[in-house]
Amino acid sequence: MEIPYTSKPRPDTGLYNAKVGIWLFLASEVMLFGALFSSYILLRVGALPEDWPSGLLNIPIGTFNTAVLIISSVTVVMAWASLKMNQFGKFKMYMICTVLCALAFLCIKSFEYRDKFLHHEVWLKNPIAVKHGDHETKVTRLTGHFENHAMFQTLAKVKAAGKDHIEFIADPHHYAEGKLEARKTGGEHPRVTIPVSEIQRLSAFVPAHSTYFAIYFTLTGLHALHVLGGAVVMAYICLGAKLWQRDPERQTNRVEVAGLFWHFVDLVWIFLFPVLYLL
């Protein structure tokens, strides 16, 4: 039995079933991300300046990923237009480019996540002097990484390992003295020996670090799942040569529906990038 209105539009809506379905689905997605963005705004407005980290995300990487998604939006439209012009070969080329852009975005994001897992912040009980070239700064917080590039370190793990001090490679561009603030000192990263007894708290840049990183990983992680889902669907549509021969209009409709979802995913990132990286 053939499912009705998969290729031809419905008489009551003027749209085929899949297009009605995708718009209803995108409406629910707007409510989902709208609630998350609203939560971010309320938490951001209510946070004290010293409790809200800044300058900890890699803006050039975020900008490059934004360009990758914008390019993918163009290629998915070109894939749909190619089917409209009965050019299946060009459709496959553009669709493969879209999938590759999606995978490139996820790959870059994974390296960005890895960097957050490697970087740590140390809260100190008392200020210590950090010497960097001709500069010496008294700080109560340090950001940086361990000499052995350990991930997910906490004070409990350090104590359980029986260490009485840690060797920490501090970030010269992000000292903190009572609050988080940028200090442009340049040069190599200073190495600091910190007694474990002087550490009040130790955390990687993970959700447990702060409200900011909890929001960051929730929003970007959910978005990354959408990118992955879109990539899987478009890769499957690329294999639709038999459907194209049997019912070219239905294949074209599938690409249009996938493209609508992909444009939504790109639009979400257009909002995420300035909110998380620039503000």
| note | Considering segment 72-87, residues that are crowded, with 16+ Cβ neighbours inside 10 Å and either touching a residue at least 24 places away in the same chain (Cβ under 8 Å) or in contact with an Asp or Glu (Cβ under 6 Å, 6 or more places away or on another chain) (or both), and then whichever is nearest to E249 (Cα to Cα), we arrive at L83
| Exactly one of (1) within 24 Å of G55 (Cα to Cα); (2) out of contact with any helix residue (DSSP H, G or I) (no Cβ under 8 Å at 6 or more places or on another chain); (3) surrounded by fewer than 17 Cβ atoms within 10 Å (Cβ to Cβ); (4) at pLDDT 90 or above is unmet by K131. Its number? | (4)
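Those residues that are in contact with a strand residue (DSSP E or B) (Cβ under 6 Å, 6 or more places away or on another chain) and assigned to a loop (DSSP other than H, G, I, E, B), I need them from segment 129-152; list them, please. Please lay out each step first, then the result.
Taking segment 129-152 as the starting set, the residues that turn out to be in contact with a strand residue (DSSP E or B) (Cβ under 6 Å, 6 or more places away or on another chain) are 129-130, 132, 136-145, 147, 152.
Matches in segment 129-152: E147, F152.
Among the residues of segment 241-257, is any small (G, A, S) and buried (at least 17 other Cβ atoms within 10 Å of the Cβ)? Quick ask: steps written out before the conclusion?
In the first step, residues of segment 241-257 are kept if they are small (G, A, S); the result is 241.
Keeping just the survivors that are buried (at least 17 other Cβ atoms within 10 Å of the Cβ) gives none.
No.
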| note | Checked segment 12-24 for anything surrounded by 14 or more Cβ atoms within 10 Å (Cβ to Cβ) and at pLDDT 90 or above; matches are I22
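Condition check ((1) among the polar types (S, T, N, Q); (2) modelled with pLDDT under 90; (3) part of a helix (DSSP H, G or I)) across all residues:
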| position | (1), (2), (3) |
| --- | --- |
| S38 | yes, no, yes |
| R44 | no, yes, yes |
| P60 | no, no, yes |
| W80 | no, no, yes |
| Y94 | no, no, yes |
| S110 | yes, no, yes |
| Those residues of segment 128-166 which are over 30 Å from the mean Cα position of the chain (by Cα) and charged (D, E, K, R), in sequence order | K131, D134, E136, K138, K159, K163, D164
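The values are calculated or read from the model by the stated rules, or taken from the named source; none is laboratory data. The structure presented is a predicted model; accordingly, all values stated were derived computationally and were not measured. Quick reminder, even Gly has a Cβ in these numbers, built from the backbone with ideal geometry, and neighbours come from all protein chains shown.
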